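Trainee: Provided herewith is a single structure, encoded as structure tokens, for subsequent inquiry.
The values are calculated or read from the model by the stated rules, or taken from the named source; none is laboratory data. Computed from a predicted model, the values in this text were never measured in an experiment. Note: ideal-geometry Cβ built from the backbone for every residue, glycine included; neighbour counts use all protein chains shown. Surface accessibility is based on the protein's heavy atoms, side chains included, excluding ligands, DNA and RNA. Shrake-Rupley method; radii C 1.70, N 1.55, O 1.52, S 1.80 Å.
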Amino acid sequence: MLTDPARAWLDSALAVASARSPGWESHFAAAGRHCGQEHADSARLRLLTAARADLATLTRLYGHGTSAERRAVLLALPSLVTGPEALPLVEDALRTHDTTLLAAALGPYAATHLPPHLWRHAVLKCLFTAVPVDSVAGLARRAAGDTELARMLRDYAAERTAAGRAVPADLDRVLALAAAPTEES
């Protein structure tokens, strides 16, 4: 729950963002300081939505943002971008080693727009970096009957086992989904 000063700051920032007044982007950056880190994502999402941020704005904020600001942009994509135009932002996040960005990148936007090859590699990266696969939106739907994903998972498990390393616990769960028949089958 926001403190009274934080709520007052956010209300003012939302008014500035809604009017698309100059400076609303500085409020986006300052949300963590004013609302607290535990409320920063929510505050930033509300600011992006109020401003009706377009792809150019989202790209700029992502490119110049901190990890927390980038995460907020990724989380906002499903409500602000209807087509695949923002995939370069998702792809950038998937190349990082920041697990919070990886988890945010695999939200509903990626579930809808990320091509199968990149999606499979992102799921594998979750297993490799210990990002819980629960953060992968649409996992059951996209993994169902995906024989290529199943092959990749088996290869990864064999590689880990041969090296004397533990196989991530989530791997069996994803493998079971990939081995399951699709609804169209």
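Trainee: Which number in (1) of a type outside the set (S, T, N, Q); (2) open to solvent by 60 Å² or more (accessible area, probe 1.4 Å); (3) under 24 Å from Val90 (Cβ atoms); (4) not in a helix (DSSP H, G or I) marks the one condition that Pro22 misses?
Mentor: Result: Pro22 fails condition (3) only.
Here is a yes/no grid of residues against (1) surrounded by 22 or more Cβ atoms within 10 Å (Cβ to Cβ); (2) modelled with pLDDT of 95 or more; (3) closer than 27 Å to Arg52 by Cβ:
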position: Gly83; (1), (2), (3): no, yes, yes
position: His113; (1), (2), (3): no, yes, yes
position: Pro116; (1), (2), (3): no, yes, no
position: Trp119; (1), (2), (3): yes, yes, no
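Trainee: Please work out if Leu10 is open to solvent by less than 10 Å² (accessible area, probe 1.4 Å) and either more than 18 Å from the chain's Cα centre (by Cα) or on the phi > 0 side of the Ramachandran plot (or both).
Mentor: On the way: open to solvent by less than 10 Å² (accessible area, probe 1.4 Å): yes; either more than 18 Å from the chain's Cα centre (by Cα) or on the phi > 0 side of the Ramachandran plot (or both): yes.
Answer is yes for this residue.
Trainee: From the list Leu55, Leu47, which one is crowded, with 19+ Cβ neighbours inside 10 Å and either under 30 Å from Ala8 (Cα atoms) or charged (D, E, K, R) (or both)?
Mentor: Working: Leu55 fails: crowded, with 19+ Cβ neighbours inside 10 Å.
Just a single option satisfies the conditions, and that option is Leu47.
Trainee: Which count do you get for residues in the stretch 137-153 that are more than 24 Å from Arg165 (Cα to Cα) and either open to solvent by less than 10 Å² (accessible area, probe 1.4 Å) or under 18 Å from the mean Cα position of the chain (by Cα) (or both)?
Mentor: Here the count works out to 7.
Trainee: Looking at the stretch 57-112, what helices (runs of 4 or more DSSP H) fall wholly within it and have at least 2 residues that are of a type outside the set (D, E, K, R) and farther than 22 Å from Ala140 by Cα?
Mentor: Values: elements: 67-80, 87-95, 99-105.
Answer list for the stretch 57-112: 67-80, 87-95.
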